[in-house]
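Before any comments, here is the structure.
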Amino acid sequence: MIAIDTSAWIAFFEGAPGEDVELVGRALRDSQACLAPVVLMELLSDPKLPRQVAALLEDLPLGHSHDQSLASSSGLSSNRGTSS
């Protein structure tokens, strides 16, 4: 499973270009996307969120912060601007 962060979801829903958006699409196609509960809360708190998008999000599996799947988001949560 791949935990997708809030900013990647927003970029995906806005149709923004970028590798993170492509990875979100791929994770959805491959049934590998999951949400941290806090990300789901953040996204559902948008009063302008289309109903069909909310339904999609609510159908995704939830991960928990102690899950190993959330420890690495396979590049979706990039460390832009930092070096390793």
Taking the Cα atoms of the stretch 2-71, report the difference between the largest and smallest coordinate on each principal axis, in whole Å and largest first. 32, 25, 18
Going by amide H atoms built from the backbone, whose H comes under 5 Å of the H on Cys34, apart from near neighbours? Ile2, Ala3, Ile4
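Laboratory data are not the source of any read-out in this text; all were calculated from the coordinates shown. This is a predicted model, so every value here is computed, not measured.
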